[in-house]
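The values are calculated or read from the model by the stated rules, or taken from the named source; none is laboratory data. It should be emphasised that the depicted structure is a prediction, and the values quoted were computed from it without experimental measurement. So basically every Cβ, Gly included, is an ideal-geometry build from the backbone, and we count neighbours across all protein chains shown. Note: accessible area is taken over every heavy atom of the protein model, side chains too, but ligands, DNA and RNA are not part of it. Shrake-Rupley method; radii C 1.70, N 1.55, O 1.52, S 1.80 Å.
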Amino acid sequence: MRWKITYYSDNLQEDILNLPEGIQARFLLLADRMELYGPNLGMPHTKALKGGLFELRLKAAEGIGRVFYFTLSGYEIKLLHCFVKKTEKTPDRELEIAIKRMKESKNAHT
């Protein structure tokens, strides 16, 4: 069964398409793999965080990007938030945005 990737919003899809070229190319490659093999590609590509939240880890010459996501029933991967990392540690604010959107999405899905 093929997985389906959906976006939290059209704005998120646009934000991902506006990532630096190398990071965007890495996203497209890994998104294709996730559609074929599922959301858990393993390190260094994906990492489980907490409460069902995952991060897609994107590294390129321009820097490091992250895309947070979770899974829904029916082989659906829902992308929640993206950003380009500027520091070693993921900023709490970025994580909080993803967690809030995941809760909203789960409530809308039930």
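What the table below lists for this structure:
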{"item": "Scan of region 85-110 for residues that are free of Cβ contacts under 8 Å to residues at least 60 places away in the same chain and either in contact with a His (Cβ under 8 Å, 6 or more places away or on another chain) or among the aliphatic types (A, V, I, L, M) (or both), ordered by number", "result": "E94, L95, I97, A98, I99, M102, A108"}
{"item": "When residues of region 60-77 are limited to those that are open to solvent by 40 Å² or more (accessible area, probe 1.4 Å) and within 14 Å of the chain's Cα centre (by Cα), the one nearest to R26 (Cα to Cα)", "result": "I64"}
{"item": "Those residues of region 23-59 which are of a type in the set (G, A, S) and either closer than 20 Å to T90 by Cα or open to solvent by 40 Å² or more (accessible area, probe 1.4 Å) (or both), in sequence order", "result": "A25, G42, A48, G51, G52"}
{"item": "In region 78-102, the residues that are exposed (fewer than 14 other Cβ atoms within 10 Å of the Cβ) and of a type in the set (D, E, K, R)", "result": "K86, E88, K89, D92, R93, E96, K100"}
{"item": "Failed condition for S105, given (1) open to solvent by 20 Å² or more (accessible area, probe 1.4 Å); (2) modelled with pLDDT under 95", "result": "(1)"}
